[in-house]
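Heads up, the thing below is written out as structure tokens.
The values are calculated or read from the model by the stated rules, or taken from the named source; none is laboratory data. These figures come from a predicted structure and were not determined experimentally. Neighbour counts run over all protein chains shown; Cβ positions are idealised from the backbone, glycine included.
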Amino acid sequence: MKIYDSHLKRKVEFKPIKDNEVRIYVCGPTVYDDAHLGHARSSISFDLLRRVLEEIGYKVTFVKNFTDIDDKIINKMNETKKSLKEITEYYINSYLKDMEKLNVKRADIEPKATESLDAMFDLIERLLKKEYAYKLPNGDIYFDVSKDEEYCSLSHKCQDDEVVHRVEVEGKKNPADFALWKACKGDGDVCFDSPFGKGRPGWHIECSAMIKKHIAYDGEYQIDIHGGGADLFFPHHENEEAQSHCAYGGHLAKYWMHNGFVQINGEKMSKSLGNSFFIKDALKHYPGEVLRFYLMSTHYRAPLNFSEEDLIASKKRLDKLYRLKKRVYGISKKQKDKEFEGRVLEAMKDDLNISKALAVVDEFIKEANEGLDKNSKDKTLKQKIISNIEFIDRVLGVGGSDAYEYFQAGVDEETKRKIKELIKKRSEAKKEKNFELADKIRDELKEMGILIQDTPTSTLWEKV
């Protein structure tokens, strides 16, 4: 398998630290607000990576953290008068529900910053002892980037003030120095007891500590892959790498992977631009599976220019898979199609080449429909179709829904109730051999944009 290493800026052959095992850490959200499409894209990108690695036989340990203490969370507490626990638990649960709707697999380990303080204390104490960190008179502790000869060698970003964008703090030795521990500032601040006095951790220290606590190897590299959005590469990941190798030796990760931004109207999606698009809002209009398919259809490293027109076009592409699935509805036996699976995996093993993989899927759909048109009773073909759709669901995370329920998306509950009542009345009319009424009800459903199909056991319906 080949992946693009952000550090080397090229595709490389993936070789895990330990045979047949992969340890991945992906930076999760700061839980002070609802998740947006940027969160969705990152989660889906690394979910695809995880699925492919598992499919080709690796045992994957996947970790995604929650930053549950941060300036933004404290601001939210002050605005809402709610506790830290109330806010963070609400938004963690909201995030997890959104990810479930996008068919993103839960991480194996989901550490929280507030539950990892001991690991942070150990890391900070090591850095102070080795004189890579220093304490200010006000109690803040900073990492001294000038002491790390390798600083900026990960991201290759320069250290001038314009790029670093650090808030100036009296007593800092260098503009690029970053906070490891922030001393308690008094009323309104959230503080924890520590060996350094009351305070709270800086942002960058969290991930390094969590990696060390939960999945780190001893040796040259602590984990196989560290991932996140492209905006995290510098300074966040650069700082993680710096504090980790200075404290423990070696390197934090063997490979670094980053997904591209989501853009709206050509601008990077961000709160400051006012164009952040919450997942929950998108899910009001489109099923999670449709949103997932759209967000993953652009290669994970490329920027994605969000548009509803493209989303609708993407849905029509996914519709074709489900229309094929309808044609083999009720088939339970499967027959593995090694040639198809091999072609999809070959594409995905090339740095998650989703365009090539979906082209293979499109070709499969076309040829399968042509085969069914020629012989609608071909059991072997139907069994291969079912097997391939299950494989697509397993590796790409789409295609696993009921074929008829998929086409019922967007129908409100009151309308669904009315449809079920009409179908029931039609069934009763057919039993009474009142075919005129049965046909009238079918026509009424058709006028509502609902098509029905009778099966030996029930009547299925879909929205057109």
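In this structure, Glu289 does not qualify as touching a residue at least 12 places away in the same chain (Cβ under 8 Å), outside any loop (DSSP other than H, G, I, E, B), acidic (Asp, Glu) and over 17 Å from Ser401 (Cα atoms). Collect the residues in segment 87-125 that are within 24 Å of Gly197 (Cβ to Cβ), assigned to a helix (DSSP H, G or I) and not aliphatic (A, V, I, L, M), keeping them in residue-number order. Matches in segment 87-125: Thr88, Thr114, Glu115, Asp118, Phe121, Asp122, Glu125. Lys356 meets each of the listed conditions (1) closer than 26 Å to Ser45 by Cα; (2) in contact (Cβ under 8 Å) with a residue 12 or more places away in the chain apart from (2).
Number of residues in segment 428-445 that are over 21 Å from Glu413 (Cβ atoms) and outside any loop (DSSP other than H, G, I, E, B): the value is 12. Would you be able to say whether some residue in segment 52-74 is touching a residue at least 60 places away in the same chain (Cβ under 8 Å) and of a type in the set (Phe, Trp, Tyr)? Checked segment 52-74: no residue is touching a residue at least 60 places away in the same chain (Cβ under 8 Å) and of a type in the set (Phe, Trp, Tyr).
Taking each residue of segment 191-203 that is without any contact (Cβ under 8 Å) to a residue 12 or more places away in the chain and looking for partners that are surrounded by 15 or more Cβ atoms within 10 Å (Cβ to Cβ) and in a strand (DSSP E or B) with beta-carbon atoms closer than 6 Å, six or more apart or interchain, yields Cys191/Gly199. On the stretch given as segment 175-193, residues that are out of contact with any Lys or Arg (no Cβ under 9 Å at 6 or more places or on another chain) and part of a loop (DSSP other than H, G, I, E, B) total 5.
Within segment 312-326, the presence of at least one residue that is under 22 Å from the mean Cα position of the chain (by Cα), charged (D, E, K, R), under 30 Å from Lys374 (Cβ atoms) and in a helix (DSSP H, G or I) is confirmed.
Would you call Gly410 under 28 Å from Leu321 (Cβ atoms) and either in contact with a helix residue (DSSP H, G or I) (Cβ under 7 Å, 6 or more places away or on another chain) or surrounded by 14 or more Cβ atoms within 10 Å (Cβ to Cβ) (or both)?
Values: under 28 Å from Leu321 (Cβ atoms): yes; either in contact with a helix residue (DSSP H, G or I) (Cβ under 7 Å, 6 or more places away or on another chain) or surrounded by 14 or more Cβ atoms within 10 Å (Cβ to Cβ) (or both): no.
Answer is no for this residue.
Filtering segment 332-368 to residues that are surrounded by 15 or more Cβ atoms within 10 Å (Cβ to Cβ) and farther than 30 Å from Ser6 by Cα leaves Lys334, Asp337, Phe340, Phe364, Ile365, Ala368. Is there a residue in segment 264-272 that is among the aliphatic types (A, V, I, L, M), touching a residue at least 24 places away in the same chain (Cβ under 8 Å) and within 17 Å of Ala113 (Cβ to Cβ)? Among the residues of segment 264-272, not one is among the aliphatic types (A, V, I, L, M), touching a residue at least 24 places away in the same chain (Cβ under 8 Å) and within 17 Å of Ala113 (Cβ to Cβ), which makes the answer no.
If you go through segment 405-432 and pick out every residue that is among the hydroxyl-bearing types (Ser, Thr, Tyr), within 39 Å of the chain's Cα centre (by Cα) and more than 30 Å from Leu352 (Cα to Cα), you end up with 1. Of the listed requirements (1) closer than 30 Å to Glu13 by Cα; (2) surrounded by fewer than 14 Cβ atoms within 10 Å (Cβ to Cβ); (3) not aliphatic (A, V, I, L, M), Asn305 misses just one: (2).
Against the definition (at pLDDT 95 or above, farther than 19 Å from Ser42 by Cβ and not aliphatic (A, V, I, L, M)), how does Tyr255 come out, yes or no?
No; evaluated as a whole, the condition is false for this residue.
Per this entry, Asp412 is not counted among residues that are without any contact (Cβ under 8 Å) to a residue 24 or more places away in the chain and within 30 Å of Glu54 (Cβ to Cβ).
Residue-wise test of (1) within 25 Å of Val190 (Cα to Cα); (2) touching a helix residue (DSSP H, G or I) at 6+ places or on another chain (Cβ under 6 Å).
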position	(1), (2)
Asn75	yes, no
Asn78	yes, no
Lys81	yes, no
Glu86	yes, no
Ile92	yes, no
Asp98	no, yes
Leu102	no, yes
Arg106	no, no
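For segment 162-195, filtering for residues that are crowded, with 16+ Cβ neighbours inside 10 Å, within 12 Å of Tyr142 (Cα to Cα), of a type in the set (A, V, I, L, M, F, W, C) and modelled with pLDDT under 95 leaves 1.
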